[in-house]
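The values are calculated or read from the model by the stated rules, or taken from the named source; none is laboratory data. Given the structure is predicted, the values throughout are model-derived calculations rather than measurements. Neighbour counts run over all protein chains shown; Cβ positions are idealised from the backbone, glycine included.
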């Protein structure tokens with residue numbers, strides 16, 4: 001860690017990140033098994049087939065990637081502020097897998113057996129995932145709290161335990177499910193944006209956009225949490241209520257993204273960390289910038305997943321894990337070294 | 001005025017505070033002294049509203065402390081806890097600006113206030129430095145600056161304000177200890193009421209307007225430092241072999257080890 005803030009980018013975070021997102025987005029729209037010229041897209045002089053592909057497949061998928069990427073990155077930043085630890089991440093701590101177990105149960109038990117319209121099923125999955133995420137968030141918080149402080153050790157151990165438990169629960173569900181359910185489960189569990197349609201984009205946007213705006217407005221209070229809960233109270237923040245709100249928001253964000261796109265890991269860990277390295281740790285910058293960079297990162301990962309093995313497709317969760325695993329190890333080693341040198 | 005009335009607090013069978021009464025007046029530097037585990041920090045936490053006692057009352061001005069909202073309390077008093085670790089790479093300026101959370105200031109006003117306060121604690125050139133990279137003593141002065149801007153930012157400075165400080169000079173060198181204690185003294189002359197925990201009895205006697213001696217949760221002395229020039233309160237409370245001297249300039253009592 002440097003002793004002075006490296007400020008070469010810090011005056012231009014938004015233009016830089018918006019340009020990156022625009023370029024990545026344009027690339028995502030034009031590349032794939034079927035190529036579309038980017039000039040045509042920019043000049044909107046595209047032919048009917050291209051237009052069909054863009055409007056029914058690629059544009060909703062791009063919007064889904066942007067929304068989900070932003071939500072995952074922001075939930076990561078929220079959990080890091082909540083636990084006062086840069087290693088907190090919804091995937092690593094088991095919130096995502098906790099949510100996925102509940103969706104799995106819904107898919108396998110299927111209490112409404114297809115009698116519902118698609119949008120209602122989508123909401124049902126979101127609710128199930130939300131409940132799963134709330135439950136795991138609460139569990140992690142209880143398990144990792146020690147004398148009023150959240151201990152990293154307990155935090156990561158709780159994450160391992162919950163991930164293992166969810167893994168076996170998902171295994172059990174796989175065992176119980178019939179062929180059709182099994183396919184739905186496997187397809188969904190690996191993390192995939194391929195199913196994104198306009199209806200689903202609308203549902204996801206209706207939930208995530210208000211949440212993201214709310215979090216942005218709360219970024220000043222998130223900064224207070226960085227001082228510690230006691231100090232934040234002395235500065236006038238009702239910490240207990242605020243924490244409950246944050247947990248609910250993380251659970252909703254993770255729940256919705258898990259319900260629609262399955263398990264996509266490490267975005268919440270990588271993005272806020274990169275933003276802090278480039279622009280500093282002030283949450284008034286970290287939150288909106290994480291949303292932009294998270295959107296870009298997931299869009300890139302999804303594009304890579306689409307074009308790596310044409311005509312087949314990789315699950316995007318696989319791509320983010322391939323990127324994120326080594327990143328996490330690097331972060332962990334760096335943290336251990338920093339602790340030892342103190 | 002902040003008045004503590006017959007406060008008692010028992011945790012797991014052990015009385016942490018036992019019938020404690022004291023008052024913190026605006027314009028006075030009240031210093032709490034006492035051996036380790038005497039209940040100093042517990043008393044400070046009660047006064048700041050973080051801990052609720054089992055019996056007894058605390059009044060801030062004419063209202064019960066528990067009836068104050070968190071937001072109003074944040075505008076009335078600021079609290080400095082012992083060393084604060086910050087896991088993220090916030091700059092010094094960002095840390096100090098957190099003290100402005102209860103208030104609405106323009107960017108210009110905020111920058112001005114933060115700069116002036118950092119000058120006061122002797123960290124003027126540190127604004128852009130990363131808090132976590134500073135030494136313990138520097139971090140302590142930055143946190144003090146954060147607490148100070150919280151009381152400075154009031155647009156109506158005539159309203160009485162309180163500072164509650166838990167060992168604000170524990171990590172400072174001699175020069176900085178003197179700077180901070182002189183600063184606290186100046187602030188009381190401007191009307192602030194300050195409650196401060198110190199470990200150094202000599203500094204406490206030299207700077208305090210009032211000393212409160214705490215032993216096993218009980219107050220054994222509560223008066224001006226000069227009152228300690230007779231009696232054996234310090235020796236018996238700390239159970240140490242001491243010689244009492246008199247400060248050449250102020251005639252206030254000072255203590256030295258008998259070796």
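At least 3 residues that are modelled with pLDDT under 90 and under 30 Å from residue A:62 (Cα atoms) in each: list the helices (runs of 4 or more DSSP H) lying fully within the range A:146-231 that qualify. It would help to see each step written out before you state the result.
On the way: elements: A:152-176, A:179-189, A:198-217, A:219-227.
Ranges flagged: A:152-176, A:179-189, A:198-217.
So that you can scan it fast, the table gives a plain yes or no per residue for (1) in contact (Cβ under 8 Å) with a residue 12 or more places away in the chain; (2) buried (at least 23 other Cβ atoms within 10 Å of the Cβ):
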site: A:267; (1), (2): yes, yes
site: A:278; (1), (2): yes, no
site: A:281; (1), (2): yes, yes
site: A:289; (1), (2): yes, yes
site: A:294; (1), (2): yes, yes
site: A:318; (1), (2): yes, no
site: A:321; (1), (2): yes, no
site: A:327; (1), (2): yes, no
site: A:330; (1), (2): no, no
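Looking at residue A:263 and the list (1) modelled with pLDDT of 95 or more; (2) out of contact with any strand residue (DSSP E or B) (no Cβ under 9 Å at 6 or more places or on another chain), which single condition is not satisfied?
Evaluating residue A:263 over (1) modelled with pLDDT of 95 or more; (2) out of contact with any strand residue (DSSP E or B) (no Cβ under 9 Å at 6 or more places or on another chain) leaves (1) as the failure.
Looking at the range B:94-111, can you tell me whether even one residue there is under 17 Å from the mean Cα position of the chain (by Cα), surrounded by 16 or more Cβ atoms within 10 Å (Cβ to Cβ), assigned to a helix (DSSP H, G or I) and within 14 Å of another protein chain (Cβ to nearest Cβ)? If you could, list the steps in order and put the result at the bottom.
Step one: list which residues in the range B:94-111 are under 17 Å from the mean Cα position of the chain (by Cα), which gives B:99.
Adding the requirement that they be surrounded by 16 or more Cβ atoms within 10 Å (Cβ to Cβ) leaves B:99.
Keeping just the survivors that are assigned to a helix (DSSP H, G or I) gives B:99.
Keeping just the survivors that are within 14 Å of another protein chain (Cβ to nearest Cβ) gives B:99.
Yes, that holds for at least one residue.
Could you list, in sequence order, the residues of the range B:112-139 that are touching a residue at least 40 places away in the same chain (Cβ under 8 Å) and within 14 Å of another protein chain (Cβ to nearest Cβ)?
First, the residues of the range B:112-139 that are touching a residue at least 40 places away in the same chain (Cβ under 8 Å): B:113, B:120-122, B:130-132, B:134, B:136, B:139.
Matches in the range B:112-139: B:130, B:131, B:132, B:134, B:136, B:139.
Of the residues A:265, A:294, only one is away from every other protein chain (no Cβ under 14 Å) and part of a loop (DSSP other than H, G, I, E, B); which?
Details: A:294 fails: part of a loop (DSSP other than H, G, I, E, B).
On inspection, the qualifying residue turns out to be A:265.
Does residue B:4 count as surrounded by 16 or more Cβ atoms within 10 Å (Cβ to Cβ) and away from every other protein chain (no Cβ under 13 Å)?
Numbers: surrounded by 16 or more Cβ atoms within 10 Å (Cβ to Cβ): yes; away from every other protein chain (no Cβ under 13 Å): yes.
So residue B:4 passes the test.
Could you tell me whether the range B:138-158 includes any residue that is within 15 Å of the chain's Cα centre (by Cα), buried (at least 16 other Cβ atoms within 10 Å of the Cβ) and part of a strand (DSSP E or B)?
No, that holds for no residue.
Could you tell me how many of the residues in the range B:63-79 are facing chain A (nearest Cβ under 9 Å) and in contact (Cβ under 8 Å) with a residue 40 or more places away in the chain? Lay out the reasoning, then the answer.
Applying the first criterion (facing chain A (nearest Cβ under 9 Å)) to the range B:63-79 yields B:69-75, B:77-79.
Then drop every residue that is not in contact (Cβ under 8 Å) with a residue 40 or more places away in the chain, which leaves B:74-75, B:77-79.
Adding up the residues that qualify gives 5.
Any residue that is surrounded by fewer than 21 Cβ atoms within 10 Å (Cβ to Cβ), out of contact with any helix residue (DSSP H, G or I) (no Cβ under 6 Å at 6 or more places or on another chain) and more than 12 Å from chain B (Cβ to nearest Cβ) - is there at least one of those in the range A:219-242?
No, the range A:219-242 has no match at all.
Out of the residues in the range A:67-88 that are more than 21 Å from residue A:237 (Cα to Cα) and modelled with pLDDT under 85, state the one that is surrounded by the fewest Cβ atoms within 10 Å (Cβ to Cβ).
A:87
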